[in-house]
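What follows is a single structure, written as structure tokens, with notes after it.
Only the coordinates and a few stated rules stand behind these numbers; no lab work does. From a predicted model like this one, the values you see are computed outputs, not experimental measurements. Here Cβ is always computed from backbone atoms with ideal geometry, including for glycine, and neighbour counts include all displayed protein chains.
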Amino acid sequence: MSRPVSLSKVRKARAKAAARKRADANAVAFGRTKAEKARDRAEAEAAAQKLDQHRRDDR
């Protein structure tokens, strides 16, 4: 004979697993370190500055 199972515990465990899965997906999609964000910001600023340096003044 099998052991009795608490349905509320099973339901809570299932909800916790779903929340963890959703959190892991968000960490992959949105989670970047501060250094990565700073590097991307610096690269964007450098690209904008380079573009401005090549701009012609046709006044």
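Evaluate the following for VAL5: is it among the β-branched types (Val, Ile, Thr), in a helix (DSSP H, G or I) and exposed (fewer than 10 other Cβ atoms within 10 Å of the Cβ)?
In short, no.
Criterion first (in a helix (DSSP H, G or I), of a type in the set (Gly, Ala, Ser) and loosely packed, with under 10 Cβ neighbours inside 10 Å) does ALA44 satisfy it?
No: the conditions fail for ALA44.
Kindly provide the set of residues from the stretch 27-41 that are assigned to a helix (DSSP H, G or I) and either loosely packed, with under 10 Cβ neighbours inside 10 Å or touching a Gly at 6+ places or on another chain (Cβ under 8 Å) (or both), ordered by number.
Matches in the stretch 27-41: VAL28, ALA29, PHE30, LYS34, ALA35.
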